[in-house]
Amino acid sequence: MDKVFLSGKVQNDSEQPDVAVNYKYKRSAYIMSELEIILEKINEMDKKFDGKFDKIDGKFDEMDKKFNEMDKKFNEMDKKFEHLEKKVDGVEFILENEVNKNIMLVAEGHADLSRNLKELTTSNNDFELLKIRVNILESNVEKLQRKIS
């Protein structure tokens, strides 16, 4: 009966068994050497990947630090905005309670001044008219006195 090997070689029963054993040994040694070469290449690739993964880990660490810095800056900005909100609330309070009342007082005073000015101008106009009448009457009196004299 014929024997078929992995290599595709066929051994007849007539061939010597030592040749078959020797062939199996050589074939095993060849496969082992090929596996060792493949293992070395895998180890080299593993080292390359380790180096690349180390670089990637380093970059992730840098990004993590930057995110932490950004977090700190955002927290500082939040505190500043809170402080600014308190100041704006204080200004609004002053505007509502003090400035608006003072503006109303000034407006009321302005209305009083305007009214007083109107009264003064009206009385001044009346006074001017009286002066003119007195002048006319004086002039008429003088004319009459001249006629009489």
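The values are calculated or read from the model by the stated rules, or taken from the named source; none is laboratory data. Since this is a predicted model, take the numbers as computed values, not measurements. Heads up, the Cβs are rebuilt from the backbone with ideal geometry, glycines too, and the neighbour counts pull from every protein chain shown.
Data overview
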item: Considering residues of the stretch 1-24 that are out of contact with any Lys or Arg (no Cβ under 8 Å at 6 or more places or on another chain), surrounded by 10 or more Cβ atoms within 10 Å (Cβ to Cβ) and among the hydrophobic types (A, V, I, L, M, F, W, C) only, the residue modelled with the highest pLDDT; result: V21
item: Residue match in the stretch 25-35 (condition: part of a helix (DSSP H, G or I), modelled with pLDDT under 90, more than 33 Å from the chain's Cα centre (by Cα) and basic (K, R)); result: yes
item: Residue within the stretch 95-109 that is at pLDDT 90 or above and of a type in the set (D, E, K, R) present; result: no
